[in-house]
1. Mean residue ellipticity at 222 nm from the helices of the chain, using -39,500 (n - 2.57) per DSSP H segment of n ≥ 4 over the full residue count, to the nearest 500 deg cm²/dmol?
2. Whole number in Å², please: accessible area per residue of the stretch 117-184, 1.4 Å probe, ligands, DNA and RNA not counted.
3. How large are Rg and Dmax for the stretch 337-389 when only the alpha carbon atoms are used, in Å?
4. Quick one: grab Rg to one decimal and Dmax as a whole number for the stretch 48-149, Cα atoms only, in Å.
5. For the stretch 160-256, with only Lys/Arg (+1) and Asp/Glu (-1) charged at the beta-carbon, what is the dipole magnitude about the Cα centre, in debye rounded to 20?
6. With +1 on each Lys and Arg Cβ and -1 on each Asp and Glu Cβ, and nothing else charged, work out how big the dipole of the stretch 208-341 is about its Cα centre, in Debye to the nearest 20.
7. Per residue, how large is the accessible surface of the stretch 215-254? Use a 1.4 angstrom probe and give square angstrom.
8. Go ahead and set up a Gaussian network model of the chain, Cα springs under 10 Å, then flag whichever of 224, 168, 346 fluctuates most.
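The values are calculated or read from the model by the stated rules, or taken from the named source; none is laboratory data. From a predicted model like this one, the values you see are computed outputs, not experimental measurements. Quick reminder, even Gly has a Cβ in these numbers, built from the backbone with ideal geometry, and neighbours come from all protein chains shown. Ligands, DNA and RNA are excluded from the accessible area calculation, which covers all protein heavy atoms including side chains. Shrake-Rupley method; radii C 1.70, N 1.55, O 1.52, S 1.80 Å.
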Amino acid sequence: MNSTLVTTTTTFFEKTFGTIPQKIISSPGRINIIGEHIDYNDGYVLPAAIDKVICFAFEKTNAATSTIVAIDLGESFEIDVTQTPNLSDAIWTNYFRGVVQQLQNKGIVVGNFNCVFSSSIPVGSGLSSSAALECGFLFGLNELYDLNIKPVDIALMGQSAEHWVGINCGIMDQFSSVMGKENQVVKIDCRTLEYEYHKADFSEYSLLLFDSNVKHSLFSSAYNQRRQECEQGLTILRTHFPEITSFREATESQILSIKDKMTEDVFKRCYYAIKEIKRVTLACEALDRGDIIALGELMFETHQGLSEEYEVSCAELDMIVDTLKKEPAVVGSRLMGGGFGGCTINLIKKGQEKTIRTKLTKLYQDIFGIELKTYEVAIANGTSLYNPV
Ligand code: GLA
């Protein structure tokens, strides 16, 4: 973990509470190579944890309530872990409240604590800062109070906390934040939660993220609506093909054959989901055999599907991908995460990164008047206890 972030967090902790933290936790954001909006559709996804993290410092206390301080926001709040939490207008605090609610749900008792955190994960960029918050916080309490919660259960409880906050998300973000491994992507079967690691070797291509700097205020409602549309579509599909239990078993010809039995929107969501599930398997095979050109092609296809069929893109993201598609040095590009803004993930020929970035940044500024941000990310370990060396 970035030592400056650790120093900032621990120094702040010491100044605020006059004590040295007992546990320091690193909780990463994630990227996703391919497999978008199919974690909640029983599909496969191919994410990885990254070296942008939230650093938490914790200590146990005997106080009547617990204190949580967000260094970057200059805000703090107190929580009584014995009381049922309610949603607050201070949005960031809800992720903590949601985790406390999950602990209570499971009858897990924790004592009081002081917690300070600071982050290097950009918020609202599709890098899952909220999953890092939920899982890092729970991981810290697990360490502090020896709760014996298994890593996969930390991810599942983190996901339930996010549902409590109001986004009916799948498991991808929390799972990859907790289970990520350095230099590996993790292929998750979101139906069974079986997973396998694959070497993240992109050969002569670099992985670069371009942040559109666009944040969609209607994200949660649109996200939950997509999920409902898929559920509706699957129910219709199953009335015609009862042997199908999820989109995973459905074929393109089956969905095409009942196109007129559903609204156009519902059809498009289902059609996308069926094709995207298949793309992930193909992409993983391409990665394993070092065929980055084939992997990139699939990423372009995913973007087109997200834009035209799933309709979770926006003009800014489409412009980035369309522009990069014309560049011979770029073999793959697509919007990453939930969509409606945030980042694109791109595969760019090594040595050409700067040229592409400069050209795109200028064009993007000229068209939208927005500053494009670029992130170089390394694939790193999942949530862990920080051990200074
Ligand atoms: C958000 C959700 C995930 C996943 C992605 C889209 O990040 O939290 O569960 O659905 O969107 O793939």
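1. Numbers: 11 runs with 162 residues, N = 389.
After summing the helix terms and dividing by the residues of the chain, the value is -13500 deg cm²/dmol.
2. Working: 2090 Å² over 68 residues.
Heavy-atom SASA per residue in the stretch 117-184 reads 31 Å².
3. 15.6, 47
4. Answer for the stretch 48-149, Rg first and Dmax second: 13.2, 39 Å.
5. Details: 9 positive and 14 negative charges, 51 e Å.
It comes to approximately 240 debye.
6. Details: 16 positive and 22 negative charges, 50 e Å.
Taking the Cα centre of the stretch 208-341 as origin, the dipole is about 240 debye.
7. Working: 2270 Å² over 40 residues.
Ligands and nucleic acids excluded, the result is 57 Å² per residue.
8. In this elastic network of the chain, the residue with the biggest mean-square fluctuation among 224, 168, 346 is 224.
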